[in-house]
Amino acid sequence: MLVAIEPKAPDILSPIRHRAEVMANRRVATETWWLELDSPEIAGRAEWGQFVMIGFGLEHLAPPFLPRPFSVAWRAEDGRIGLLVRAFGVGSRRLAELRAGEHVLLLGPLGRPFRLEPGSRVVCVAGGVGLAPFLFLAGDARRQAFDVDLLYGELTADKVFDAGLIEELTGGPPIVWTEDGSLGRRGRVTEGLSVEGRVTVLACGPTPMLRALAGRAAREGFDLQVSVEEHMGCGVGTCQGCVVLGADGRWKKACTQGPVFYASELTWSPS
């Protein structure tokens, strides 16, 4: 008999801060790396959809000076966690250059996680590096007897994360979409969403993708949980640089009140 999986509320007031060793870092797609860190305490507490702030502190007196947020994409029994890194700028490129034996500063786990309904089919819709939290969630959910579909979209084939590693981490193959049709199905990943029966729909990716899904959820009347991708300076609600507008007209902090929200909790402005 399945029971509700309700991750405990993260203790935002006392996240774990420590110096973590890089265990491995390998390129898995164009400008994309899979980074593994030794972090037993964070691995033991992390929930699906939570994130860590990763930085270098005073040991690295050069940009980037501020830490960067990354979803916990995997955890292992030996205390490793995995992060999916795509090199967009100075900070993420510095992470891409890390080698085994180097160290980084971690703060986490942070944020509000995804929640699953017992007995439901789980559909994860991932756009680009929005894949990260679903590598973590899909594997755990399948081990707990959930039926999981992982829809994963990229612009082109060269950007698709190693499909073999996805299957190894999640226990099943992804359904891949590329906008140019160079790998998997042609079109946008949102085209693959089928909402029939009892379904828990989860999404993470660029804001236009989330906006499109939120519009569909409102029209068709299904619940949708989204993990928003916002710039963060602190990760603990101090800088207020990651706010999103709530449906009630109030600003919400993505780092502490999110990053996972029900789509109906937010205001989705036209594109």
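General remarks:
- Of all the residues in segment 96-115, those that are over 20 Å from Pro133 (Cβ atoms) and among the basic types (Lys, Arg) number 1.
- Residue match in segment 235-247 (condition: closer than 22 Å to Glu47 by Cα, touching a residue at least 60 places away in the same chain (Cβ under 8 Å) and more than 15 Å from the chain's Cα centre (by Cα)): yes
- Of the listed requirements (1) in contact (Cβ under 8 Å) with a residue 40 or more places away in the chain; (2) under 22 Å from His231 (Cβ atoms), Arg121 misses just one: (2).
- Flag if Ala214 is in contact with a helix residue (DSSP H, G or I) (Cβ under 7 Å, 6 or more places away or on another chain) and touching a residue at least 24 places away in the same chain (Cβ under 8 Å): yes
- Restricting segment 240-271 to residues that are touching a Ser or Thr at 6+ places or on another chain (Cβ under 6 Å) and not in a loop (DSSP other than H, G, I, E, B), the residue that is nearest to Arg68 (Cα to Cα) is Pro259.
- Residues (surrounded by fewer than 19 Cβ atoms within 10 Å (Cβ to Cβ) and modelled with pLDDT of 95 or more) located in segment 13-25: Glu21, Val22, Met23, Ala24
- Within segment 36-56, the set of residues being under 29 Å from Thr156 (Cα atoms) and surrounded by fewer than 22 Cβ atoms within 10 Å (Cβ to Cβ) comprises Glu36 only.
- Failed item, numbered, when Glu97 is tested on (1) closer than 25 Å to Glu167 by Cα; (2) surrounded by fewer than 20 Cβ atoms within 10 Å (Cβ to Cβ): (1)
- Residue in segment 195-203 that is touching a strand residue (DSSP E or B) at 6+ places or on another chain (Cβ under 7 Å) and over 19 Å from Phe134 (Cα atoms) present: yes
- Flag for Glu59 being acidic (Asp, Glu) and either in contact with a Leu (Cβ under 7 Å, 6 or more places away or on another chain) or modelled with pLDDT under 85 (or both): yes
The values are calculated or read from the model by the stated rules, or taken from the named source; none is laboratory data. Keep in mind that this is a model prediction, so the values were computed, not measured. Because the Cβ atoms are built from the backbone with ideal geometry, glycine has one as well, and the counts that use them run over all protein chains shown.
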